[in-house]
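Only one structure is covered here, and it is reproduced in the block below.
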Amino acid sequence: MVLVPTLVTYHEIARRGVASGMPEELVAKVGDALEAGLRSLSIAFNTGVMMCFGSDLLGDMHSAQALEFELRSRVLPSWSVLRSATKTCAYLFGMRESLGEVSPGYIADLLLLRPGVDPLENAAVLAAPGGAAVAAVFKEGLLAKAPLQLLARAPAAVAATAGAAAANLDVDMVAAEAVDGDRCSSHVWMDGWAELNQRLFATSP
């Protein structure tokens, strides 16, 4: 059994429901549902239920999807929240041999975070407005999004990365080339590499 909580849906209905045309009496009940949902997460975690990451949002509410990280972090360890959004999702979709880990041969879909941002300490940082915690995004080993200063100041790293095959992407190399002075980087992730692998990827879901 896999549980896919969508607590941010309750959060956004409580915040925007009346303005969106929902009856006030219905919206008034949503807060209770959210609190019950948070309690259910604690129960599921303590009994070993596998959890994936989801949001179930529609329309303009989709912009609040990352708030699910913050909501879950209220009651769950950060490593568990991160695992639910990575390895366990890969397991649920039958792609555990190619997604969900930062390992050789896996598809290199990566978020590189800004210096000082450590989601193992607090996964809620991933809910920062506008993706403020994210320095760069790699899709299948190719740089998909990054601040202009990173693109301007690290052309060699960008060019080398853009030419790398996803299956052969050397994450340590990419991080080393991206980190230089105050440049946006992933060094917090790299410093905690051993702990990250142990806590997220050591055992199967």
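The values are calculated or read from the model by the stated rules, or taken from the named source; none is laboratory data. Only a predicted model underlies this, so the values are computations on that prediction, with no experimental measurement involved. Every residue, glycine among them, receives a Cβ derived from its backbone with ideal geometry; neighbour counts consider all protein chains shown.
If I ask for residues that are within 10 Å of the chain's Cα centre (by Cα), not β-branched (Val, Ile, Thr) and not in a helix (DSSP H, G or I), which ones from region 54-88 would you list?
Listed by number, the residues that qualify are ALA66, ALA85.
Please give the number of the condition ALA90 fails out of (1) surrounded by fewer than 19 Cβ atoms within 10 Å (Cβ to Cβ); (2) modelled with pLDDT of 90 or more; (3) not polar (S, T, N, Q).
Only one criterion in (1) surrounded by fewer than 19 Cβ atoms within 10 Å (Cβ to Cβ); (2) modelled with pLDDT of 90 or more; (3) not polar (S, T, N, Q) is unmet by ALA90, namely (1).
Would you point out the residue of region 15-45, among those that are at pLDDT below 90 and among the small types (Gly, Ala, Ser), that is nearest to LEU76 (Cα to Cα)?
GLY31
Can you name the condition, by its number, that VAL49 falls short on among (1) farther than 30 Å from GLY141 by Cα; (2) buried (at least 17 other Cβ atoms within 10 Å of the Cβ); (3) touching a Leu at 6+ places or on another chain (Cβ under 6 Å)?
Single failed check for VAL49: (2).
Select, from ALA144, ALA135, ALA167, the only residue that is modelled with pLDDT under 90, assigned to a strand (DSSP E or B) and surrounded by fewer than 16 Cβ atoms within 10 Å (Cβ to Cβ).
Among ALA144, ALA135, ALA167, only ALA144 is modelled with pLDDT under 90, assigned to a strand (DSSP E or B) and surrounded by fewer than 16 Cβ atoms within 10 Å (Cβ to Cβ).
Looking only at residues in region 16-62 that are touching a residue at least 12 places away in the same chain (Cβ under 8 Å) and of a type in the set (Lys, Arg), which one is farthest from GLY131 (Cα to Cα)?
That would be ARG39.
Being closer than 26 Å to ARG15 by Cα, modelled with pLDDT of 90 or more, of a type in the set (A, V, I, L, M) and surrounded by 13 or more Cβ atoms within 10 Å (Cβ to Cβ) is true for just one of LEU57, LEU126, LEU120. Which residue is that?
LEU126
Looking at region 26-53, which of its residues are under 20 Å from the mean Cα position of the chain (by Cα) and not in a helix (DSSP H, G or I)?
Within region 26-53, VAL49, MET50, MET51, CYS52, PHE53 meet the criteria.
Working carefully through the options VAL49, VAL30, VAL18, find the one that is over 26 Å from ASP118 (Cβ atoms) and touching a Phe, Trp or Tyr at 6+ places or on another chain (Cβ under 7 Å).
Among VAL49, VAL30, VAL18, only VAL30 is over 26 Å from ASP118 (Cβ atoms) and touching a Phe, Trp or Tyr at 6+ places or on another chain (Cβ under 7 Å).
Among the residues of region 96-110, is there at least one that is modelled with pLDDT of 90 or more, among the polar types (S, T, N, Q), within 21 Å of LEU7 (Cα to Cα) and assigned to a loop (DSSP other than H, G, I, E, B)?
Looking through region 96-110, none of the residues is modelled with pLDDT of 90 or more, among the polar types (S, T, N, Q), within 21 Å of LEU7 (Cα to Cα) and assigned to a loop (DSSP other than H, G, I, E, B).
Give GLY105, GLY21, GLY37 a once-over and let me know the one that is surrounded by fewer than 15 Cβ atoms within 10 Å (Cβ to Cβ) and in contact with a helix residue (DSSP H, G or I) (Cβ under 7 Å, 6 or more places away or on another chain).
Of GLY105, GLY21, GLY37, the one residue that is surrounded by fewer than 15 Cβ atoms within 10 Å (Cβ to Cβ) and in contact with a helix residue (DSSP H, G or I) (Cβ under 7 Å, 6 or more places away or on another chain) is GLY105.
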